[in-house]
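Quick note: the coordinates plus some simple rules give every number you see, no bench work behind them. Not measured: the values here are computed from a predicted model. Quick reminder, even Gly has a Cβ in these numbers, built from the backbone with ideal geometry, and neighbours come from all protein chains shown.
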Amino acid sequence: MYSEFFSLYAFFTGEMNKSELRKIYLAKRKALPRARRDISSRQIAQTFFDKSDLSKVRFLHCFLPIEKLAEVDTTFIFRRIWEDFRDVKTVVPRVDQATAEIENLTYSATDELLRSAWQIDEPIHHEKISPEEIDLVLVPLLCFDRGGHRVGYGKGFYDRFLALCRSDCLKIGLSFFPPEEEIEDANSADVRLNFCVTPDHVYAMQGSNSH
């Protein structure tokens, strides 16, 4: 009973930690009808392109959506880049099973994908790009706060990867939902976002090095 009361108190005061937020937002995302997710994903893509200057971007890293987790469908972003921004090279993640680190694989419209044991689509080739070469990362998340902290799935893959990117690499989250005011247990090991794109808004993060 006490734990239930505390969870309700945390929800209404906005003081929630990553574990609580992870459960809430994963449930919220899975509750969205597929048609609603498709519309919102298209809106996120349009908002991203409306507000972004890709003229200086050579390598753009973006996740491929995991359907069972009801992620933002980034295929709309990939297709637009391939059609209209041909100087931009797209890169996708692959988790090295031995090291639990993200590798960055080049990805184009002609590349064949293979679904991993983790239900993640990955290119079958091994052409890698180093983190230092990447200019912009579109980051998966469950939720984020106004300071640029994010809640992912708790494995730390992206925090470790983003820490290896250049300091001027833009880190942009994609979210179906607006921000929380503050994630209670965010810490210095968390790599903060510069921006986050929702279906109808781009949030610039308070105190982040937003360009």
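The aspartates and glutamates within cross-link reach of Lys68, meaning a Cα-to-Cα straight distance under 16 Å and a gap of 8 or more places when in the same chain, are Asp38, Asp121, Glu122. Rounded to the nearest whole Hz, the Karplus-based 3J(HN,Hα) values (6.51 cos²θ - 1.76 cosθ + 1.60, θ = phi - 60°) of the stretch 17-28 follow the sequence 8, 4, 4, 5, 5, 4, 5, 5, 7, 5, 5, 4, with x at glycine and proline. Put in line by how crowded their Cβ is, counting other Cβ atoms within 10 Å and starting with the fewest, Arg115, Arg94 read Arg115, Arg94. For the chain, the longest principal axis of the alpha carbon atoms and the long axis of helix 34-51 meet at an angle near 70°.
Phi angles across the stretch 129-134 convert, under the Karplus curve 6.51 cos²θ - 1.76 cosθ + 1.60 with θ = phi - 60°, into 3J(HN,Hα) values of 10, 6, x, 5, 8, 7 Hz, Gly and Pro given as x.
Working from Cα pairs under 8 Å separated by at least six residues, relative contact order for the stretch 2-204 is 25 percent. Backbone amide hydrogens, once placed in the peptide plane, bring Leu174 within less than 5 Å of Val139, Leu141, Val197, excluding anything fewer than 5 places away on its chain.
With 30 Å as the limit, write out which pairs from Lys23/Lys89; Lys30/Lys128; Lys89/Lys155; Lys128/Lys171; Lys28/Lys155; Lys18/Lys128 have Cα-Cα distances beyond it, or answer none. Mind showing how you got there, number by number?
Working: Lys23/Lys89 34 Å; Lys30/Lys128 32 Å; Lys89/Lys155 27 Å; Lys128/Lys171 20 Å; Lys28/Lys155 20 Å; Lys18/Lys128 32 Å.
Result: Lys23/Lys89; Lys30/Lys128; Lys18/Lys128 exceed 30 Å.
Based solely on its DSSP helices, what 222 nm [θ] is calculated for the chain when runs of n ≥ 4 H residues each add -39,500 (n - 2.57) and the sum is averaged over all residues, nearest 500 deg cm²/dmol?
Numbers: 5 runs with 60 residues, N = 211.
Result for the chain, helices only: -9000 deg cm²/dmol.
Quick one: which residues, 5+ away or cross-chain, put their amide H under 5 Å from the amide H of Met16? H built at 1.01 Å from N. Residues meeting the criterion, in which the H sits 1.01 Å from N, are Glu184. Between amide H atoms placed 1.01 Å from N, distances below 5 Å from Gly148 occur with Gln206, all of them 5 or more places distant or on a separate chain. Of all GluC sites (Glu not before Pro) in the stretch 67-143, which ones are in loop regions per DSSP and have a Cβ with at most 13 other Cβ atoms within 10 Å? The qualifying sites are Glu112, Glu127. Which entry in (1) 16.1, 50; (2) 16.9, 57; (3) 19.1, 70 matches Rg and Dmax of the Cα atoms in Å derived from the coordinates of this structure? The calculated read-out lines up with (2).
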